[in-house]
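Okay, structure first, notes after.
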Amino acid sequence: DVKVTQSSRYLVKRTGEKVFLECVQDMDHENMFWYRQDPGLGLRLIYFSYDVKMKEKGDIPEGYSVSREKKERFSLILESASTNQTSMYLCAVQGGGQYEQYFGPGTRLTVT
Amino acid sequence: QKEVEQNSGPLSVPEGAIASLNCTYSDRGSQSFFWYRQYSGKSPELIMSIYSNGDKEDGRFTAQLNKASQYVSLLIRDSQPSDSATYLCAVNRGYSSASKIIFGSGTRLSIRP
């Protein structure tokens, strides 16, 4: 199975800061996803990418942008962090002809 | 109507019994189905995939799919305290160049000793 790593397990940022969350996979899978997970709201898709420099908006892209310059790396950017972006952020990877998605360990982001 | 629906629980099952988790989905065109286990504070971990009608067994886990009824279930035999977690049902709609998965909100399972 693919191994997915995320840059931080816990992160605390101030309102208005620019925040970078990074996700790296150890395979050559095409598709990478960013979700956020909040109690009572479940997993919600923010953005996904199906190839280098390709991206598509998910269900809640507002306030976020993404970057995929290399196949193994997918970054989520919060241009100006706000308190309502406090959440667990999960990166997932899919590919190799399979439909399964494999998750990284997650980043618990707190914006104060 | 949510695309993927699960009873939020908590579902309490005695140790050693069978835990039965259910999920319904709304899109008849859905192609593949997954069960993820998520411990508190951790990320989801894939435990079962199922693509065709019927049962699929893997150790103590059995996934069941009925496309006509748009119903997926997960049975956990000989439940252990370590099975206490939230179980997410997920459905792949199978269109677009990147296959997006829709997740249910999860069922919280508690195994009591």
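The values are calculated or read from the model by the stated rules, or taken from the named source; none is laboratory data. Every value quoted in this text rests on a predicted model; they were computed, and no experiment measured them. Don't worry about glycine lacking a Cβ; one is built from the backbone with ideal geometry, like all the others, and counts go over all protein chains shown.
Determine if the range B:79-95 includes at least one residue that is within 26 Å of A:G58 (Cβ to Cβ), loosely packed, with under 14 Cβ neighbours inside 10 Å and more than 8 Å from chain A (Cβ to nearest Cβ). Yes - at least one qualifying residue is present in the range B:79-95. Filter the range A:91-110 for residues that are free of Cβ contacts under 8 Å to residues at least 60 places away in the same chain and on the phi > 0 side of the Ramachandran plot and give the result. Once the filter is applied, which keeps residues that are free of Cβ contacts under 8 Å to residues at least 60 places away in the same chain and on the phi > 0 side of the Ramachandran plot, the range A:91-110 yields only A:G97. Quick check, is B:I111 crowded, with 18+ Cβ neighbours inside 10 Å, at pLDDT below 95 and on the phi < 0 side of the Ramachandran plot? Judged against the criteria, B:I111 is not a match. If you go through the range B:51-73 one residue at a time, how many are surrounded by 18 or more Cβ atoms within 10 Å (Cβ to Cβ) and over 12 Å from B:T24 (Cα atoms)? Selection size over the range B:51-73: 2.
Just one of the listed residues (B:S43, B:S30) is surrounded by 14 or more Cβ atoms within 10 Å (Cβ to Cβ), among the polar types (S, T, N, Q), more than 10 Å from chain A (Cβ to nearest Cβ) and on the phi < 0 side of the Ramachandran plot, namely B:S30. Across the range A:1-59, the number of residues qualifying as charged (D, E, K, R) and either closer than 13 Å to A:S75 by Cβ or within 9 Å of chain B (Cβ to nearest Cβ) (or both) comes to 9.
If you go through the range A:22-41 and keep only what is farther than 13 Å from A:A92 by Cα and either under 15 Å from the mean Cα position of the chain (by Cα) or β-branched (V, I, T) (or both), you end up with just A:D38. Filtering the range B:54-80 to residues that are polar (S, T, N, Q) and not in a loop (DSSP other than H, G, I, E, B) leaves B:T62, B:Q64, B:N66, B:S73. Taken together, the residues in the range A:72-84 that are touching a residue at least 40 places away in the same chain (Cβ under 8 Å) and over 10 Å from the mean Cα position of the chain (by Cα) amount to 8. The sole residue among A:R36, A:R9 that is loosely packed, with under 12 Cβ neighbours inside 10 Å, touching a strand residue (DSSP E or B) at 6+ places or on another chain (Cβ under 9 Å) and under 29 Å from B:M48 (Cα atoms) is A:R9.
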